[in-house]
1. Scan Lys203, Lys211 and give me the residue that is away from the ligand (no atom under 16 Å from the Cβ) and under 13 Å from the mean Cα position of the chain (by Cα).
2. Taking Ala154, is it within 15 Å of the ligand (Cβ to nearest atom), more than 14 Å from the chain's Cα centre (by Cα) and free of Cβ contacts under 8 Å to residues at least 12 places away in the same chain?
3. Identify, please: which residue in the range 48-74 is part of a loop (DSSP other than H, G, I, E, B) and among the hydrophobic types (A, V, I, L, M, F, W, C) and is, among those, surrounded by the fewest Cβ atoms within 10 Å (Cβ to Cβ)?
4. Looking at the range 159-189, which of its residues are of a type in the set (A, V, I, L, M) and free of Cβ contacts under 8 Å to residues at least 40 places away in the same chain?
5. Find all pairs meeting these conditions: Cβ atoms under 9 angstrom apart; at least six residues apart or on different chains; first residue within the range 131-148 and at positive phi; second residue more than 8 Å from the ligand (Cβ to nearest atom).
6. With the requirement that a residue be buried (at least 16 other Cβ atoms within 10 Å of the Cβ), more than 10 Å from the ligand (Cβ to nearest atom), over 23 Å from Thr191 (Cβ atoms) and not small (Gly, Ala, Ser), what does the range 94-132 give you?
7. Quick one: which of Leu64, Leu48 is within 14 Å of the ligand (Cβ to nearest atom) and at pLDDT 90 or above?
Amino acid sequence: MLSSSLPVKPERKHNRSISDLSDPSTPRNLEDSRKNAVLYTHVIAFSLFELETITKSFRSDYILGEGGFGTVYKGYIDENVRVGLKSLPVAVKVLNKEGLQGHREWLTEVNFLGQLRHPNLVKLIGYCCEDDHRLLVYEFMFRGSLENHLFRKATVPLSWATRMMIAFGAAKGLAFLHNAERPVIYRDFKTSNILLDSDYTAKLSDFGLAKAGPQGDETHVSTRVMGTYGYAAPEYVMTEFFFFFWVRRCKRRPLE
Ligand code: AMP
């Protein structure tokens, strides 16, 4: 059991709570959620020590996969990790400090997934923000990503009925985001971000690029072009180039 292999607990470092986080790139919602700490009551602030314990110090045989954010490890939380914790297998995502994504994406993910709950969204169990370490703890999804099922040679092909069920589940996740009281634009819909539970229930993960949608009388939001090449609609991606060339034209021929 974990309790017998618990290393000596080190001196507590600075494990900050969400409401402490101050970053110039703080998403708009975080400001609002700071005023209402209740929103995050079901998300646990883990210490780095606890996450090291459940992943056996991030042992290589605990690795589930690797993404743009960093490496994902398998772990198990229970009463031995912290009194009162429900026994649960989890996935622990560790931000790669040299990676493409950073604190901003980490914060966006905590901000959105910390507040949203739906059967077709992966559940964020907790996070860790200690010194420059940024980690995320999710419910464990037994069948990994849809991408692996579709493109890995060793996997059994999915039946048509299962594919339809997965597509329907993912669409329900998106519909929930779009119809939320405060709509959310997901911006990174792709097979590697659709995770599958033991019964092939599809759940959207990776909210690092998500953005609050228009609210009330607003008709649109201004945003940089975001997403993944090959998944985003070409005409949407092209808008960045049009904007770029339009700015250059204006620079060459300033308005008189
Ligand atoms: P990501 O960084 O989200 O792209 O994740 C990289 C890989 O880690 C995925 O393709 C999955 O195989 C695995 N993974 C990520 N999150 C989970 C999870 N909650 N449960 C199980 N495996 C996961």
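The values are calculated or read from the model by the stated rules, or taken from the named source; none is laboratory data. Predicted model, so just to flag it, every value in this text is computed and none were measured. With ideal geometry, Cβ positions are generated from the backbone for all residues, glycine too; neighbour counts draw on all protein chains shown.
1. Lys211
2. yes
3. Of everything passing the filter in the range 48-74, Phe58 is surrounded by the fewest Cβ atoms within 10 Å (Cβ to Cβ).
4. Ala161, Met164, Met165, Ile166, Ala167, Ala171, Leu174, Ala175, Ile185
5. Sorted first by the residue in the range 131-148, then by its partner, the pairs are Asp131/Lys13; Asp131/His14; Asp131/Asn15; Asp131/Leu48; Gly144/Leu196.
6. His103, Leu107, Val110, Asn111, Gln115, Tyr127, Cys128, Cys129, Glu130
7. So the residue among Leu64, Leu48 that is within 14 Å of the ligand (Cβ to nearest atom) and at pLDDT 90 or above is Leu64.
A quick yes/no check of all residues on (1) modelled with pLDDT of 75 or more; (2) in contact with a strand residue (DSSP E or B) (Cβ under 6 Å, 6 or more places away or on another chain); (3) surrounded by 10 or more Cβ atoms within 10 Å (Cβ to Cβ); (4) in a strand (DSSP E or B):
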site: Tyr200; (1), (2), (3), (4): yes, no, yes, no
site: Lys203; (1), (2), (3), (4): yes, yes, yes, yes
site: Gly208; (1), (2), (3), (4): yes, no, yes, no
site: Thr219; (1), (2), (3), (4): no, no, no, no
site: Ser222; (1), (2), (3), (4): no, no, no, no
site: Met226; (1), (2), (3), (4): no, no, yes, no
site: Tyr231; (1), (2), (3), (4): yes, no, yes, no
site: Glu235; (1), (2), (3), (4): yes, no, no, no
